[in-house]
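The values are calculated or read from the model by the stated rules, or taken from the named source; none is laboratory data. None of these values were measured; they are calculated from a predicted model. Glycine gets a Cβ as well: all are built from the backbone with ideal geometry, and neighbour counts include every protein chain shown. Each accessible area value is taken on the protein alone, full model and side chains, heavy atoms only, with ligands, DNA and RNA left out. Shrake-Rupley method; radii C 1.70, N 1.55, O 1.52, S 1.80 Å.
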Amino acid sequence: EDWLILSDTVVTWQMNPRFALAGVWDVGIENPGRRKADQNFYMAGGLLARGTLVERDEVRLELALRPDVVWDRDGRFLGVPQWLLSGTASANLWLWDHLLLRTEYRFDQSTAAAGFFYRGAATTDDGPGLAQRQHSVLFSLTGLWDFWFGRHAKPN
């Protein structure tokens with residue numbers, strides 16, 4: 001009776017070489033052998049639209065949009081019972097197929113009555129002043145290579 005059952009379903013559709021759509025749906029049930037009142041339930045889903053705007057010899061620019069929704073009925077997975085609604089927009093710049101520059105904007109909205117996100121003096125989970133909304137801007141630089149200890153990897 002002390003199990004966690006998690007289902008993760010992903011569906012993708014590559015419309016053409018430059019545009020793709022995807023959807024994901026997760027369902028989690030903790031303690032499925034117990035009474036329904038003693039079970040914890042989690043459900044989440046999201047969509048992804050990704051398109052390539054520019055593709056040249058050494059440069060590729062992609063844009064992506066991703067709305068997500070999470071329902072943590074019992075607060076077991078996120079800490080408090082809530083709906084968490086999110087939207088993300090990303091711009092990916094690939095250089096030489098080995099360097100990725102990414103800029104990402106994300107907006108999150110929580111339905112938790114006391115708030116969910118740390119802000120200002122609210123730095124603990126039970127502290128006053130937690131926010132129900134959060135804006136995030138992320139910048140990342142990722143390098144990819146296919147070398148093993150200085151030697152180029154053998155082709156397959």
Item checked: Matching option when the condition is touching a residue at least 24 places away in the same chain (Cβ under 8 Å) and loosely packed, with under 15 Cβ neighbours inside 10 Å, among GLY79, GLY129 -> GLY79
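More than 16 Å from the chain's Cα centre (by Cα) and not small (Gly, Ala, Ser): is that true of LEU101 in this structure?
Yes; evaluated as a whole, the condition is true for this residue.
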Note to self: Condition first: open to solvent by less than 80 Å² (accessible area, probe 1.4 Å) and within 30 Å of THR124 (Cα to Cα). Now tell me which residues in the stretch 64-76 satisfy that.
What the structure shows: ARG66, PRO67, ASP68, VAL69, VAL70, TRP71, ASP72, ARG73, ASP74, GLY75
Check: So LEU141 fits all but one of (1) more than 17 Å from the chain's Cα centre (by Cα); (2) modelled with pLDDT of 95 or more; (3) open to solvent by less than 40 Å² (accessible area, probe 1.4 Å); what number is the exception?
Finding: (3)
Next item on the list: Just give me the residues in the stretch 9-60 being at pLDDT below 95, under 23 Å from PRO81 (Cα atoms) and of a type in the set (D, E, K, R), in sequence order.
Entry: GLU30, ARG34, ARG35, LYS36, ASP38
Next item on the list: Could you identify the single residue in VAL137, VAL54 that is under 20 Å from ALA20 (Cβ atoms), hydrophobic (A, V, I, L, M, F, W, C) and outside any loop (DSSP other than H, G, I, E, B)?
Entry: VAL54
Note to self: Going by what's in this entry, would ASP68 be described as assigned to a strand (DSSP E or B) and closer than 24 Å to GLU30 by Cβ?
What the structure shows: yes
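Yes/no per residue for (1) open to solvent by 40 Å² or more (accessible area, probe 1.4 Å); (2) touching a strand residue (DSSP E or B) at 6+ places or on another chain (Cβ under 9 Å); (3) among the charged types (D, E, K, R); (4) free of Cβ contacts under 8 Å to residues at least 24 places away in the same chain:
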{"position": "MET15", "(1), (2), (3), (4)": "yes, yes, no, yes"}
{"position": "PHE19", "(1), (2), (3), (4)": "yes, yes, no, no"}
{"position": "GLY28", "(1), (2), (3), (4)": "no, yes, no, no"}
{"position": "ALA37", "(1), (2), (3), (4)": "yes, no, no, yes"}
{"position": "MET43", "(1), (2), (3), (4)": "yes, yes, no, no"}
{"position": "GLY51", "(1), (2), (3), (4)": "no, yes, no, no"}
{"position": "GLU55", "(1), (2), (3), (4)": "yes, yes, yes, no"}
{"position": "GLU58", "(1), (2), (3), (4)": "yes, yes, yes, no"}
{"position": "GLU62", "(1), (2), (3), (4)": "no, yes, yes, no"}
Checklist line | the stretch 82-126 - residue that is small (Gly, Ala, Ser) and outside any loop (DSSP other than H, G, I, E, B) and, of those, surrounded by the most Cβ atoms within 10 Å (Cβ to Cβ) | finding: SER110
